[in-house]
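Some notes on the structure that comes next.
The values are calculated or read from the model by the stated rules, or taken from the named source; none is laboratory data. Everything numeric in this text was worked out from a predicted model, so none of it was measured. Calculation scope for accessible area: heavy atoms of the full protein, side chains included, ligands and nucleic acids excluded. Shrake-Rupley method; radii C 1.70, N 1.55, O 1.52, S 1.80 Å.
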Amino acid sequence: MARGMANSEEASTQAPSGASIPDSTPSSTSTSTSTSTSTGSLEDRMDRMEQRLEGVLARLESAAGESSAPSGAGGEPASSDAVDPATDPTDPADPTASDRFWALNALKSQLPTPGGVVYAGAVDLPIGHVEYQWGRPTDPLLRADWADRAERVAALGHPLRLSLLQKLLEAECTVAQLVDELDLASTGVAYHHLHQLQSAGWVTSPARGSWAIPATRVVPLLAIITALEEA
């Protein structure tokens, strides 16, 4: 089992669970050709169905409004304390439902102004379980020479290299396996991109001819991929 671990002065955090909207779809209503008054008239049944449908639409509109709510003052997310439990679309079984910004709030409680940035992860992958945390206060981040990080960032700027990394998250592979599974033109192409990734520290060769992602690079890679999602 692979396990990478790095701790800094900052608070630990986890990726928040996604909120879900309870299934409020009206249950199917059977119809009958009987004219018995116990089932009510067709018009009454239609009225009741319309009322139930309006209730469902109201809940969906409420959920959509909350997900697109503007941030609070100073760019901070709006406080989750303002959410009405009666209309909150989050899953009540979710332990983070009562505080959607639990990771952010924990960070703010540990790092006073001007704050800082922390990323962490505890993931179960085909290659094993990996836990990792890293963070920096704001001032050192702003004073650092970002140009020194250009090579490590540039190594990820190719679709084929990202595909190689994604495959290596599944298992340690030989070049022949990578060529076959990714349908590459030749082993030379694979070696070229693997060497670029190796120079930047994203992959290593634990044995001759085989390649893997170091445990300490797994969560940073996943954090970057997550950061590239559209908010």
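Starting from 0.36 nm per residue, how many nanometres of slack lie between ALA150 and ASP124 once their C-alpha separation is accounted for? List each step's numbers first, then the result.
Details: separation 26, 0.36 × 26 = 9.36 nm, distance 2.94 nm.
Extra length available between ALA150 and ASP124 comes to 6.4 nm.
Provide ARG152, ARG217 ordered by accessible surface of protein heavy atoms (probe 1.4 Å), highest first.
Numbers: ARG152 110, ARG217 35 Å².
Accessible-area ranking of ARG152, ARG217, largest first: ARG152, ARG217.
Output needed for the stretch 124-231: three equivalent-ellipsoid semi-axes, defined as square roots of 5 times the C-alpha gyration tensor eigenvalues, in descending order, whole Å. Don't skip to the end; give the middle numbers.
Working: eigenvalues 137, 52, 34 Å².
That gives 26, 16, 13 Å for the three semi-axes.
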